[in-house]
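Q: Below are the structure tokens for one structure; questions will follow.
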Amino acid sequence: MVTTTSNPVKRLLRMNTSNEKGGRALSLGRQLFLQLLCILIGLTVMFPIMYIVTLSLSSSDSRPSALNLIPTEFSTVGFQKVLDQPTANPVTFAELLRNSLALSLGVASAALLIAVSAAYAFARFKFAGRQFLMMAVFFVILMPGVGLSLPLYLLFNGVSIVDPESGRVVFNLRNSLVGVGVAMISGALPFAIWNLKGYLDTIPKELEEAATIDGASFNRIFFQIVIPLAAPALAVTFFLSFMGNWQEFALSWLFLSNPGDYTLAMTLYNMTGQYATAIPWNRFSAMAIIVAAPVALIYIALQKQIVGGLTLGGVKG
């Protein structure tokens, strides 16, 4: 009798032990295969990064003749030259950084303010055309951003301020950071609306109903109840929008023609092409690291919060 009941007990104990370890046990061969696969993926991802770092720490201005993944010297000449004068264009690194920060922060802030209002309306109100508008927002997400660049270019190019005396164009919306920002907001809004709506659906409506019974106005409910509860999703949406706008290149390169309005991403591309033989590789590599490092470090530091914020609205109820 003991023998017949011991097997289920042992199986149950083995299941509990396996669950405590984080999942079902894997065979040695499968573990080795997964480890080797992870190492292969890691080497594939780290290979270009290691090569760029090695080039950026080189003091030679000539094109490299060997593939070295481990730096043989630690020179900051490339970084110093980039910070002094990135390219032959009459624009300093400080101006490029200012343009990139203004564009990224401005677009992320504006898109967040508009998206949280639209997401709340979709999540709480029932109105005619609600489903159609949600599908329209989702359809814009599926479209590539470059596909919308031509109509935006033609639309913004027609908005200008002309000096009546001289007939000279004083301001053109297309050829300005403001126009690029408006175009980027239109691309950042669909994802922000969908991401925030999924989280706002998880906030209990009973909290707002209780506040209404207590005499709270709609604006007070929105700003003092909904916004604080949605703070994690707002932070994640803002950061993801900032990260995408920081590295945005296509719209800026198509719209802007004044070097004083260039961004860091545009300057990084400007260091290739017809200037590929004039700009040393160590300077280009240093510029690439400078452009990518801030966002990469912030993402690594806030990785858990970002992943957690994205999954907060994954389950409703």
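The values are calculated or read from the model by the stated rules, or taken from the named source; none is laboratory data. Worth saying up front: this structure is predicted, and the values here are computed from it rather than measured. Methodologically, a virtual Cβ is constructed for each residue, glycine included, from the backbone with ideal geometry; neighbour enumeration extends over all protein chains shown.
Q: If the requirement is being modelled with pLDDT under 85 and in the same structural domain as Asn258 (by TED's automatic domain parsing), which of these qualifies: Val178, Val162, Val140? Don't jump to the end; show me each part of the working.
A: Details: Val178 fails: modelled with pLDDT under 85; Val162 fails: modelled with pLDDT under 85.
Just a single option satisfies the conditions, and that option is Val140.
Q: So which pairs qualify, if the first residue must be in the stretch 152-167 and touching a residue at least 24 places away in the same chain (Cβ under 8 Å), the second must be aromatic (Phe, Trp, Tyr), the Cβ gap must be under 7 Å, and the two must be at least 6 apart or on different chains?
A: Hits for this filter: Tyr153/Phe255.
Q: Suppose the filter is more than 31 Å from the chain's Cα centre (by Cα) and either at pLDDT below 80 or of a type in the set (Phe, Trp, Tyr) (or both); does Arg30 pass it?
A: Numbers: more than 31 Å from the chain's Cα centre (by Cα): yes; either at pLDDT below 80 or of a type in the set (Phe, Trp, Tyr) (or both): no.
No.
Q: Name the residue, out of Val236, Val307, Val291, that is among the β-branched types (Val, Ile, Thr) and surrounded by fewer than 17 Cβ atoms within 10 Å (Cβ to Cβ).
A: Values: Val236 fails: surrounded by fewer than 17 Cβ atoms within 10 Å (Cβ to Cβ); Val291 fails: surrounded by fewer than 17 Cβ atoms within 10 Å (Cβ to Cβ).
The conditions single out Val307.
Q: May I ask you to list pairs of residues, at least six apart or on different chains, whose Cβ atoms are under 6 Å apart, with the first in the stretch 249-264 being more than 17 Å from Leu150 (Cβ to Cβ) and the second being of a type in the set (S, T, N, Q) and outside any helix (DSSP H, G or I)?
A: Note: pairs meeting the criteria are Pro259/Asn89.
Q: Another one. Evaluate the stretch 255-262: report whether one residue or more is over 30 Å from Leu154 (Cβ atoms), over 13 Å from the mean Cα position of the chain (by Cα), not in a helix (DSSP H, G or I) and not basic (Lys, Arg).
A: The answer is no; no qualifying residue exists.
Q: Quick one: in the stretch 76-117, which of the residues that are touching a residue at least 24 places away in the same chain (Cβ under 8 Å) and assigned to a loop (DSSP other than H, G, I, E, B) is surrounded by the fewest Cβ atoms within 10 Å (Cβ to Cβ)?
A: Out of the qualifying residues, it is Pro90.
Q: Let me spell it out: the conditions are (1) under 30 Å from Asn219 (Cβ atoms); (2) in contact with a strand residue (DSSP E or B) (Cβ under 7 Å, 6 or more places away or on another chain), and Val162 meets all of them except one. Which number is the exception?
A: (1)
Q: Starting from the stretch 229-243, keep only residues that are within 21 Å of Gly181 (Cβ to Cβ) and hydroxyl-bearing (Ser, Thr, Tyr), then list their pairs with residues that are crowded, with 17+ Cβ neighbours inside 10 Å and modelled with pLDDT under 85 whose Cβ atoms are within a distance under 9 Å, requiring at least 6 positions of separation or different chains.
A: Thr237/Gly309
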